[in-house]
Amino acid sequence: MPLVAAAVCPHPPLIVPELAGAAAPELDDLRAAADAAVARLLAADPEAILLLGAGPETERFGTADYGSLLPFGLRHHVRLWHTNCSGIESLPLSLTIGAWLVNRSGTELPRLARAVAADAAPAECAALGAELVAEADGRIALLVLGDGSACRGVKAPGYDDPRAPAYDEGVAAALAGADVEALLGLDPALSAELKAAGRAPWQVLAGAARAAGGDWRGDVSYHQAPYGVAYFVANWEKV
């Protein structure tokens, strides 16, 4: 099958040490977990890495496109793969951080990138996942970027919502169990109310795994909520 492995990582700007400044050590554990997840992805021996994250609309990007961290105070462009005059600054935050993580690994593998609209319906997400598998040329590894709820406490970006812990525990269980149906069952309205930026990308992952077939094994290596936002790092591998 063309989809050989998948990894899930969050995309907080503060994962970039130069942005976090003196607070960088607070996310050392998250950074290490994300690095390890990408390393496991590469260990599956893919021929290319496909980055997937939420954006304003569903679209694909060129291999020379790039993202910028300037909106967060750092004058730094993050390339997806190639560097040439055809590239444009177009990657949303999710894919910018994803590209930063992959570039950090030092791999020279080709990189592709797709965004899914943050408000895409579950059926659309599943269909996109199946499309990614159908059009894959060779062995593809999927790096999925997405955060959990942003309502974990009164200092959270979305303030405190008592529904958030149960929502995040459900996501963690689904990722750990490689539970496609549980991810596809995430409610878009509740996810939006809890400001869970990962809902649509996780559902694309579910659609891709279902289309690829076979049995999948999940492993969650990080599940915490620093700064009131739930972050998950996970790997899915073929059994």
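Rundown of residues vs (1) touching an Asp or Glu at 6+ places or on another chain (Cβ under 7 Å); (2) more than 29 Å from Leu190 (Cα to Cα); (3) of a type in the set (A, V, I, L, M), yes/no style:
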| position | (1), (2), (3) |
| --- | --- |
| Leu50 | no, no, yes |
| Glu89 | no, yes, no |
| Asn103 | no, yes, no |
| Arg111 | no, yes, no |
| Ala117 | yes, no, yes |
| Ala121 | no, no, yes |
| Ala127 | no, no, yes |
| Arg139 | yes, yes, no |
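Select, from Ala24, Ala5, Ala34, Ala64, the only residue that is within 17 Å of Val204 (Cβ to Cβ) and open to solvent by less than 20 Å² (accessible area, probe 1.4 Å).
Going through Ala24, Ala5, Ala34, Ala64 in turn, just one is within 17 Å of Val204 (Cβ to Cβ) and open to solvent by less than 20 Å² (accessible area, probe 1.4 Å): Ala5.
Looking at Glu47, Glu18 in this structure, which one is touching a His at 6+ places or on another chain (Cβ under 8 Å) and either modelled with pLDDT of 95 or more or of a type outside the set (Lys, Arg) (or both)?
Within the list Glu47, Glu18, the selection yields Glu18.
Can you work out which of the residues in region 171-185 that are free of Cβ contacts under 8 Å to residues at least 60 places away in the same chain and part of a helix (DSSP H, G or I) is surrounded by the fewest Cβ atoms within 10 Å (Cβ to Cβ)?
Glu181
Just to be sure I understand, how many residues within region 67-104 are open to solvent by 50 Å² or more (accessible area, probe 1.4 Å), assigned to a helix (DSSP H, G or I) and either on the phi > 0 side of the Ramachandran plot or not hydrophobic (A, V, I, L, M, F, W, C) (or both)?
Within region 67-104, residues that are open to solvent by 50 Å² or more (accessible area, probe 1.4 Å), assigned to a helix (DSSP H, G or I) and either on the phi > 0 side of the Ramachandran plot or not hydrophobic (A, V, I, L, M, F, W, C) (or both) number 2.
Do the conditions hold for Thr58, that is, is it touching a residue at least 40 places away in the same chain (Cβ under 8 Å), under 25 Å from Ala196 (Cβ atoms), touching a strand residue (DSSP E or B) at 6+ places or on another chain (Cβ under 7 Å) and of a type in the set (S, T, N, Q)?
yes
For Ala134, are the conditions met, namely being out of contact with any strand residue (DSSP E or B) (no Cβ under 7 Å at 6 or more places or on another chain), in a helix (DSSP H, G or I) and modelled with pLDDT under 95?
Here the answer is yes, as Ala134 does meet what is asked.
Across region 53-66, what is the number of residues that are in a loop (DSSP other than H, G, I, E, B), under 17 Å from the mean Cα position of the chain (by Cα) and of a type in the set (D, E, K, R)?
1
Inside region 191-222, can you point out the residues that are in a helix (DSSP H, G or I), small (Gly, Ala, Ser), surrounded by 16 or more Cβ atoms within 10 Å (Cβ to Cβ) and within 18 Å of the chain's Cα centre (by Cα)?
Within region 191-222, Ser191, Ala200, Ala206, Gly207, Ala208, Ala209 qualify.
Picking from Pro162, Pro188, which residue would you name as being open to solvent by 40 Å² or more (accessible area, probe 1.4 Å), free of Cβ contacts under 8 Å to residues at least 24 places away in the same chain and farther than 22 Å from Val133 by Cβ?
Pro162
Looking at (1) modelled with pLDDT under 95; (2) farther than 24 Å from Ala37 by Cα, which one does Tyr66 not meet, given that it meets all the others?
Looking at each condition in turn, Tyr66 falls short on (2).
Between a first residue in region 227-239 that is modelled with pLDDT under 95 and a second residue that is open to solvent by 10 Å² or more (accessible area, probe 1.4 Å) and of a type in the set (D, E, K, R), which pairs have beta carbons less than 6 Å apart while being 6 or more apart in sequence or on different chains?
Final answer for the pair search is Val239/Asp215; Val239/Arg217.
The values are calculated or read from the model by the stated rules, or taken from the named source; none is laboratory data. It should be emphasised that the depicted structure is a prediction, and the values quoted were computed from it without experimental measurement. For neighbour counting, all protein chains shown are included, and Cβ atoms are generated from backbone atoms with ideal geometry for every residue, glycine included. Side chains are part of the model used for accessible areas, which takes the heavy atoms of the whole protein and leaves out ligands, DNA and RNA. Shrake-Rupley method; radii C 1.70, N 1.55, O 1.52, S 1.80 Å.
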